[in-house]
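Visitor: I'd like to ask you about the structure that follows.
The values are calculated or read from the model by the stated rules, or taken from the named source; none is laboratory data. Just so it is clear, the structure is predicted and the values come from calculations on it, not from any experiment. Cβ sites come from the backbone with ideal geometry, for glycine too, and all protein chains shown count toward neighbours. These area figures cover heavy atoms from the full protein model, side chains too; ligands, DNA and RNA do not enter into them. Shrake-Rupley method; radii C 1.70, N 1.55, O 1.52, S 1.80 Å.
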Amino acid sequence: MSKKHGKHHRGHKRPDDMTGEADLHGSPRPPRPSTARWAGSADTIAGTIPAALDGHRQIPILAAPGIVTVEPGAAFDLSAVEADADGGLDKAWAKEALAGERARIVALQERLYAERARSLLLVFQAIDTGGKDGTIRSVLQGVNPQGCTVASFKVPSSEELDHDFLWRYHARVPGRGMIGVFNRSHYEDVLVVRVKGLVPDAVWQSRYGRINDFERLLTESGTTVIKFFLHISRAEQKKRLEARIADPEKRWKFDPADLVERKSWDAYQQAFADALGRCSTPHAPWLVVPANHKWFRNYVIARTVADTLEAMDPRFPEASKGIADLTVPD
């Protein structure tokens with residue numbers, strides 16, 4: 001072993017201060033246990049926890065009328081939800097009302113960003129052509145990009161496969177003050193993995209509980225989680241796939257593999273239903289959105305996001321004392 005990559009030499013202080021050898025001045029230094037290092041940093045760590053998290057309060061997820069909230073702890077029949085439902089709303093009215101919900105989201109996001117105490121995570125799952133991309137573009141139109149992040153999870157990289165299945169998702173959870181969006185999510189590891197038989201059954205079956213624990217950790221750490229499943233019918237998927245093939249400007253979105261995946265429609269529907277039922281919890285319920293009608297889908301999701309942000313009630317921080325009395329010199 002070369003000296004460059006070998007042991008620390010006497011007289012060289014390790015960065016973590018854990019060495020029992022002499023420091024740079026030759027004075028003996030006893031080893032410092034890791035618990036003492038944490039204790040010495042307790043005040044600093046505590047100071048980073050926003051007052052908004054003291055006495056954690058569960059934020060209600062306020063689903064708009066027309067959205068189906070999956071009852072926690074119960075099996076769920078996805079086929080019982082009518083994908084073509086529109087809540088009896090008028091299309092023209094809903095499109096106009098969408099603009100108002102967007103304005104609410106933009107205003108509340110500014111307060112969330114300024115407060116920098118909590119965050120919001122929006123999770124979108126759907127079968128191919130379900131409308132995840134279009135929903136995100138529509139609902140978050142006008143949101144300040146500085147306060148929003150979007151993560152799209154595709155086939156995991158070799159680095160991601162070298163870690164536990166939640167590693168890549170946890171790394172993209174929004175920080176304080178941010179709205180985060182998961183375009184596909186940690187649920188891929190109980191959906192695609194299950195349908196394609198990529199891991200043994202016992203592996204993906206054990207993940208439901210770990211997902212619930214993960215989401216509880218997030219909510220108890222100040223991240224409100226809203227999970228939307230965009231529910232379309234098999235006939236609607238066929239229509240959307242045909243539209244992509246027919247439109248030269250949309251063909252780039254078409255993947256011949258989608259036709260292969262379509263053959264597994266029934267298997268995916270069962271996998272979705274099981275995930276919805278087993279991972280809808282009081283702190284992070286699943287919301288099933290009838291999504292055949294894009295105008296209805298966009299309005300009810302935007303309203304749900306706006307209402308939930310309003311329930312979070314983010315506040316602008318107090319300005320420094322005396323600012324109101326200052327004058328700007330010429």
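Visitor: Any idea of E220's accessible area? Nearest 10 Å², probe 1.4 Å.
Guide: Number for this one is 110 Å².
Visitor: Placing unit charges on C-beta atoms (Lys and Arg positive, Asp and Glu negative, everything else neutral), compute the dipole magnitude of the range 67-312 about its Cα centre in debye, rounded to 20.
Guide: 500
Visitor: Going by amide H atoms built from the backbone, whose H comes under 5 Å of the H on A117, apart from near neighbours?
Guide: So A117 has HN proximity to G177.
Visitor: Taking the full set of protein chains and a 1.4 angstrom probe, give the accessible area of V155 in square angstrom, rounded to the nearest 10.
Guide: 130
Visitor: Along the range 231-248, what does the Karplus equation 6.51 cos²θ - 1.76 cosθ + 1.60 (θ = phi - 60°) give for ³J(HN,Hα), rounded to whole Hz, x for Gly and Pro?
Guide: Residue by residue, the range 231-248 yields 9, 10, 8, 4, 5, 5, 4, 4, 5, 6, 5, 5, 5, 5, 5, 6, 9, x Hz.
Visitor: For the range 239-330, give the percent of accessible area contributed by carbon and sulfur heavy atoms, probe 1.4 Å, rounded to a whole number.
Guide: Ligands and nucleic acids excluded, carbon and sulfur reach 54 percent.
Visitor: Report the FRET efficiency, 1/(1 + (r/R0)^6), for A74 and L198, where r is their Cβ-Cβ distance and R0 is 35 Å, rounded to 0.05.
Guide: The pair A74/L198 has a calculated efficiency of 0.80.
Visitor: Find which of Q141, S280, V190 sits farthest along the positive direction of the dipole of the range 67-312, computed with +1 on the beta-carbon of Lys and Arg, -1 on that of Asp and Glu, about the Cα centre.
Guide: Ranked along the dipole, the leading option is Q141.
Visitor: With θ set to phi - 60°, apply the Karplus curve 6.51 cos²θ - 1.76 cosθ + 1.60 along the range 322-330 and write out the HN-Hα couplings as whole Hz, x wherever there is a Gly or Pro.
Guide: Values per residue, Gly and Pro as x: x, 4, 4, 9, 6, 10, 8, x, 5 Hz.
Visitor: Could you sort D128, D213 by their accessible area in this structure, using a 1.4 Å probe and putting the largest first?
Guide: Reading off the accessible areas and sorting them downward yields D213, D128.
Visitor: Okay, moving on. Modelled label-to-label distance, S158 and K239, 7 Å Cα→beta-carbon offset: nm?
Guide: Going from the S158 label point to the K239 one covers 4.5 nm.
Visitor: Then there is this: Considering only protein heavy atoms, what per residue accessible area in square angstrom results for the range 67-312 with a 1.4 angstrom probe?
Guide: With all protein chains present, the range 67-312 gives 46 Å² per residue.
Visitor: Suppose the chain between L259 and L166 were pulled fully straight at 0.36 nm per residue; how much longer would it get relative to their current alpha carbon spacing?
Guide: 30.6 nm
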